[in-house]
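Down below is the structure, laid out as structure tokens.
The values are calculated or read from the model by the stated rules, or taken from the named source; none is laboratory data. Everything numeric here is computed off the predicted structure, so don't read it as measured data. Here Cβ is always computed from backbone atoms with ideal geometry, including for glycine, and neighbour counts include all displayed protein chains.
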Amino acid sequence: MSVNSTTVNTVLGPVPADELGVVSVHEALLSVLPGAEHAFDITLDRAEIFETLAAGLREFRSHGGGTLVDSTGMFHGRDLRLYESLSRATGVHIVASTGQGPEELLGGYFLTPQADPPTPWPADKFADLFAREITEGMVVPRVERRGPAGLVTTAVTRAGMTATDESLLRGAARAALATGTAVSFRHGADAAAELDLVLDEQLPADRVAVGGLDRKGAVAVGAPAKIAARGAHVLLDHVGTEDDEHVTDAERAALVAGLVRAGHADRILLSVGATGVAKGHLGNDLPYSHLLTAFVPLLRAHGIDDGDVRRILEVNPRDLLAVR
């Protein structure tokens, strides 16, 4: 599946990057906690799930949204046939992702391969797993492969990076480097150190998005500015969430304004981190459109002009997702 530098891998195949429009870069469509699909009290009514997701995507599009990135990775509910149908029905481009993580959400097969003593999968094994989902198509378990993944995504354990997390990060970076795609990872205890590990794999900084940077702890230590200064993308992925862990939208808007004033407008990415349908866990039920209906007005109130708004919502995601 060869594509050129002006295209992005969507579930319906490569599309020109300049056709993406406004992109929400870190969302979830169908999110299923591994194992929930087998639970007696969990229902997976595909027609109902389709209608719920289609309504959310249509509302996103009605407010100017063009593309949604599903960042759930491989085994957390990703349903490629469903996403293809949703994209055709709503006109919203959908970019699906490969990848896994953090360690606590991996199945036992990926934690204890056939070795004595049991050891984490090596980075090269994860790299091959992820890269094949880009070059050969994403897996529909035990059935087939379909379209190419458009992003490699992973996450680091919040309490601190484990050996398996390190293998995942390095494997994600190697897969991205080999295929011309980008990496998005949600940081754990030390965003800068985790970025260093990814960059140690020779992946250019502008091919990396570091998520979770609107957590209070990250903001308190100046992580967003540090990540931007390294040339990586600062991903504020919980726009609309205001709780004990995250800053408020007012504080997010001020953070974005500060990064713009510091010359980092080309390094900012935004997303709601919404869950269209959650099974087996509590989802984030904010609408995907919150970014456009509630947060963009806050940015403008901070003096961020239309050019920088467009750069953050359209140009930066396009540059990240373009295969090159």
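Where in the stretch 81-196 are there helices (runs of 4 or more DSSP H), lying wholly inside it, with at least 1 residues that are within 19 Å of the chain's Cα centre (by Cα) and not basic (K, R)?
In the stretch 81-196, the matching helices (runs of 4 or more DSSP H) lie at 123-135, 163-179.
I'd like to check something: does the stretch 39-62 contain any residue that is part of a loop (DSSP other than H, G, I, E, B) and within 20 Å of Y288 (Cβ to Cβ)?
No, because not a single residue in the stretch 39-62 is part of a loop (DSSP other than H, G, I, E, B) and within 20 Å of Y288 (Cβ to Cβ).
Just to be sure before I move on: is F40 out of contact with any Leu (no Cβ under 9 Å at 6 or more places or on another chain), farther than 21 Å from N316 by Cβ and among the aromatic types (F, W, Y) in the structure I sent?
yes
For the stretch 278-315, give me each residue that is outside any loop (DSSP other than H, G, I, E, B), over 23 Å from E242 (Cβ atoms) and not basic (K, R).
Of everything in the stretch 278-315, those that are outside any loop (DSSP other than H, G, I, E, B), over 23 Å from E242 (Cβ atoms) and not basic (K, R) turn out to be D306, G307, D308, E314, V315.
Determine the pairs where a residue that is in contact (Cβ under 8 Å) with a residue 12 or more places away in the chain and at positive phi, located within the stretch 143-169, has a partner that is small (G, A, S) and surrounded by fewer than 18 Cβ atoms within 10 Å (Cβ to Cβ) with Cβ atoms under 8 Å apart, the partner being 6 or more residues away or on another chain.
G160/A189
Taking the criterion of being within 23 Å of G188 (Cα to Cα), at pLDDT below 95 and in contact with a strand residue (DSSP E or B) (Cβ under 8 Å, 6 or more places away or on another chain), would at least one residue in the stretch 32-53 satisfy it?
Within the stretch 32-53 (the criterion being within 23 Å of G188 (Cα to Cα), at pLDDT below 95 and in contact with a strand residue (DSSP E or B) (Cβ under 8 Å, 6 or more places away or on another chain)), the answer is yes, since at least one residue qualifies.
Quick one: in the stretch 11-34, which of the residues that are hydrophobic (A, V, I, L, M, F, W, C) and not in a strand (DSSP E or B) is nearest to T72 (Cα to Cα)?
Ranking the candidates gives L33 first.
Among the numbered criteria (1) touching a helix residue (DSSP H, G or I) at 6+ places or on another chain (Cβ under 8 Å); (2) in contact (Cβ under 8 Å) with a residue 12 or more places away in the chain; (3) in a loop (DSSP other than H, G, I, E, B), which single criterion is violated by E242?
(2)
Is one or more of the residues making up the stretch 250-272 acidic (D, E), farther than 28 Å from D79 by Cβ and not in a loop (DSSP other than H, G, I, E, B)?
Yes: one or more hits.
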